[in-house]
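First the structure, in the form of structure tokens, and then the observations on it.
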Amino acid sequence: KYRNILDNKEQEIRIKDVLYYSLKKLSQEEGVTLNAILQYVWHKVLNIYGNSVQTVVGTTILGRNVPVKEAFLLYCNKNFSIGEIAKHFTNKSYLTRSGKIFWERSVIGGMLRNPAYKGSAAFRKTTRVKRIKKTKLALSSKNPLCSELSSTRDRPKEDWIYIPVPVIIEEKIFDFAQQKLKDNIKFAPRNNKKHSYLLSGLLRCKICSYSIYGKPASNSKYKRLYYRCMGQDGHRWPEGRVCTGHPVRTEVLDDLVWKSVKNLLLTPETILDEYQRRLKTYKTDYEAIITEKSNEINRYKRERIRLIDLF
């Protein structure tokens, strides 16, 4: 049995250096977060000292049960899109899990797909893999090896670990939302079969560095197609658009690229010169990275020896 705590005390334990990186590696291998590992450790401590088979702890939810119910109501009953729900929550100043007012569409999408709200919290839902397409953050990183396993892929649902939790959304409403999400993927504008964009997703804006995608003119009687960057989309950012650029007609860029390709094919020595230049650049970059990593390894070895001596 637990005894009453007569003298409450607090103790701060900082996890860093070798232990931190070991826990980080374990979390990546097992597909769970550091928070989940630390919660398990705390449960284990309570289990040992309390001599109890089952342990219960509390956790803060920041009142998220209120917007969760409203999100499913707007999506299932009022046919709001995920973007419209995010804008609605932002206008109402609802707080996200991290305490922010601005709601991303990806957060709403994750909320609608999270089985925890129907009473089954799932762990090991994703696994870390090598990134196929580099993001803006990865491209601007000084150390490309840091982003090698920065992408995630969904695990098969039979590999998920389910834990029963309090129900917030009825199962039939949750299942209806999942079916609607599947239908939306099928009919989404990104699955466009009507227009062809040669360079969509292959170019980046020179001003804001965000990727460029193709989009037809929405307020014109003429069938005009444009390339524009995500920085020009005001609905994506809390303070409005972050790029001062303008859309470009698709035929202008497409013709320019085709002319450049033809010129390269007619002058193969230009391709060879560029190839040699990039080889020298990559060699220099990787030599600097190897040196930096070697210094880090030596530093961790010294830290490990010091910790062993202290122990």
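Working from label points 7 Å from Cα in the Cα-to-Cβ sense, the Ile48 to Ser81 distance is 5.4 nm. As an exercise, identify the GluC sites (Glu not before Pro) in segment 7-42 lying in DSSP coil whose Cβ has no more than 10 other Cβ atoms within 10 Å. In loop regions of segment 7-42 (DSSP not H, G, I, E or B), the sparsely surrounded GluC sites (Glu not before Pro) are Glu10, Glu12. Taking each residue as 0.36 nm, the span from Glu104 to Gln178 lengthens on full extension beyond its C-alpha to C-alpha distance by 24.7 nm.
Step through the table entries Lys24/Lys118; Lys78/Lys100; Lys25/Lys157; Lys118/Lys172, compare each Cα-Cα distance with 18 Å, and write down the pairs that go over it. Long pairs (Cα-Cα over 18 Å): Lys24/Lys118; Lys78/Lys100; Lys25/Lys157. When Rg and the Kirkwood radius Rh are both evaluated on Cα atoms of segment 72-138, their ratio Rg/Rh stands at 1.04.
Each value in this text was obtained by applying a stated rule to the coordinates, not by laboratory testing. Fair warning: this is a prediction, and the values are worked out from it, not measured in the lab. Reconstructed Cβ throughout: ideal geometry from the backbone, glycine too, with neighbour counts over all protein chains shown.
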